Amino acid sequence: MKKIILLSLLLLSTGAIQAQDVIQWRGDRTGIYKETGLLKSWAADGPQMLWHYDGLGEGHSSVAISADKIYLTGMTEGRGYIYAFDLNGKLLSKKEYGGEWDESFNGTRGTITANEGKLYLISGRGDIICFDESNLNVVWKKNIMTDFDSENIRWGICESPLIVGEKLIVTPGGKVHNIVALNKNTGALVWSCPGEGDLSAYCSPLYVGDQQVPLVVTMTAKHIVGVDANTGKKLWSYEQINRTDVHPNIPVYSDNMLLCTSGYGKGSVMLRLTNGGNSVEKVWNSPQLDSRIGAMVKVDDYAYGSGDANRFWFCVDWNTGELKYKENALPIGNVITADGMLYCYSDRGDFALVKVTPEKFDIVSRFPVTLGTDQHWAHPVIYKGVLYVRHGNTLMAYKIS
């Protein structure tokens, strides 16, 4: 089941790399990885594969990393499993945690959040589970539907829990318990916000801590919502409606500005936080920037990402929304960034290394991801000079330093 090309010394060599200690959804939720000394081009057949593991089961969740251990989820015969690996790809532990989503686009969804010796997960069936990181035993467990009077959504709950201090913040999508904060150690309810009463919308919440009122921002079925992180009070909401009530892209935040992007016929809106975070105003909008699940990244004064119905890769001016380029040299997909480069993983299985520049979509290197199963939807991760790519049943590790 497991096939390893074991290159341990290369994998563990860090050189000039500065790695983030804990990797959660999109690194630190921004898609920006702080490593340096990474390769600026790859061989024609791609970077060197260090190892791969075949046997995760069905799933679209991404890699999480804590204390130099890799955590990932997968589904086999309708049951969800959590996996722990070392950095050489050795399976350290595997435990079942309950039923998973097997009704459409089967498999695990939300990425694990690691924090202070515990791992947090929301399953496609709405189970909120806290694991002990040392042994993967369940510490506590709740369910979004039964505990917070909500209902599941069309393609199964997909959310990566947010930790703010002692609070775990998730979006049940109930009429009363729309967004909630739980004690991260016990699961006890700390606060509950009714939001706008929308269903959950596949979006992972974002913490904004530099305002007069620290806030949590997320997208629910028909609104972008800002909530006081301390009390759960709804501060503001902004209507964001598309054809399907699906908004998986986590908002991108920088200097009082929030870029919120939706597919299915909507596009992007840039909001400015005002009055210390208590309100927002629209700065610009763009129907062209309509990524469905691929997210956006901000580098310097520009935002980068791909579309949905608009099947291009885009760069726009962060402050004005002015389009800098619109190119279709690569199928649409998801994007992260590190060390002056974009890492673009297309939904057709092409992986491209692209220069960060507003001048053009400048592909330096490109290779096909040939291992794995089903859709190419999981977002890649960079850690200690290694690129981790999950494709369904398979996790691959590539040396990029």
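The values are calculated or read from the model by the stated rules, or taken from the named source; none is laboratory data. Everything numeric here is computed off the predicted structure, so don't read it as measured data. Note that each Cβ is placed from the backbone with ideal geometry, even for glycine, and that neighbours are counted across all protein chains shown.
Only residues that are more than 17 Å from H52 (Cα to Cα) and assigned to a strand (DSSP E or B): list them for region 360-401, please.
Correct list: I363, V364, S365, R366.
Quick one: in region 116-141, of everything that is part of a loop (DSSP other than H, G, I, E, B) and on the phi < 0 side of the Ramachandran plot, which residue is surrounded by the most Cβ atoms within 10 Å (Cβ to Cβ)?
The qualifying residue surrounded by the most Cβ atoms within 10 Å (Cβ to Cβ) is G124.
Can you pull out every residue in region 37-79 that is surrounded by 15 or more Cβ atoms within 10 Å (Cβ to Cβ) and either touching a helix residue (DSSP H, G or I) at 6+ places or on another chain (Cβ under 6 Å) or among the aliphatic types (A, V, I, L, M) (or both)?
Passing the criteria: L38, L39, M49, L50, L56, V63, A64, I65, I70, L72, M75.
On the given criteria, is L235 surrounded by 21 or more Cβ atoms within 10 Å (Cβ to Cβ), in a strand (DSSP E or B) and either touching a helix residue (DSSP H, G or I) at 6+ places or on another chain (Cβ under 9 Å) or touching a residue at least 60 places away in the same chain (Cβ under 8 Å) (or both)? Talk me through it step by step, then tell me what you get.
On the way: surrounded by 21 or more Cβ atoms within 10 Å (Cβ to Cβ): yes; in a strand (DSSP E or B): yes; either touching a helix residue (DSSP H, G or I) at 6+ places or on another chain (Cβ under 9 Å) or touching a residue at least 60 places away in the same chain (Cβ under 8 Å) (or both): yes.
For L235, the condition - surrounded by 21 or more Cβ atoms within 10 Å (Cβ to Cβ), in a strand (DSSP E or B) and either touching a helix residue (DSSP H, G or I) at 6+ places or on another chain (Cβ under 9 Å) or touching a residue at least 60 places away in the same chain (Cβ under 8 Å) (or both) - is met.
Can you tell me which residue is nearest to F314 (Cα to Cα) among those in region 276-294 that are under 22 Å from the mean Cα position of the chain (by Cα) and in contact (Cβ under 8 Å) with a residue 40 or more places away in the chain?
S291
Could you tell me whether any residue of region 95-104 is within 16 Å of the chain's Cα centre (by Cα) and at pLDDT 95 or above?
No, every residue in region 95-104 fails to be within 16 Å of the chain's Cα centre (by Cα) and at pLDDT 95 or above.
Is it the case that region 351-360 has a residue that's in contact with a strand residue (DSSP E or B) (Cβ under 9 Å, 6 or more places away or on another chain) and under 29 Å from T76 (Cβ atoms)? So that I can check it myself, show each step before the final result.
Filtering region 351-360 down to residues in contact with a strand residue (DSSP E or B) (Cβ under 9 Å, 6 or more places away or on another chain) leaves 351-360.
Subset that is under 29 Å from T76 (Cβ atoms): 351.
Within region 351-360, one or more residues are in contact with a strand residue (DSSP E or B) (Cβ under 9 Å, 6 or more places away or on another chain) and under 29 Å from T76 (Cβ atoms).
Of all the residues that make up region 189-216, how many are surrounded by fewer than 21 Cβ atoms within 10 Å (Cβ to Cβ) and among the polar types (S, T, N, Q)?
Number of matching residues: 3.
Could you say which residue among L273, L342 is part of a strand (DSSP E or B), crowded, with 23+ Cβ neighbours inside 10 Å and more than 21 Å from the chain's Cα centre (by Cα)?
Working: L342 fails: more than 21 Å from the chain's Cα centre (by Cα).
Going through L273, L342 in turn, just one is part of a strand (DSSP E or B), crowded, with 23+ Cβ neighbours inside 10 Å and more than 21 Å from the chain's Cα centre (by Cα): L273.
From (1) closer than 20 Å to S41 by Cβ; (2) assigned to a loop (DSSP other than H, G, I, E, B); (3) among the β-branched types (V, I, T), pick out the condition that doesn't hold for I293.
Failing condition for I293: (1).
Quick one: which residue in D347, D301, D308 is more than 20 Å from V246 (Cβ to Cβ) and of a type in the set (D, E, K, R)?
Within the list D347, D301, D308, the selection yields D301.
In the list T108, T113, which residue meets the criterion of being in contact (Cβ under 8 Å) with a residue 40 or more places away in the chain, closer than 20 Å to D21 by Cβ and either among the aliphatic types (A, V, I, L, M) or buried (at least 24 other Cβ atoms within 10 Å of the Cβ) (or both)?
T113
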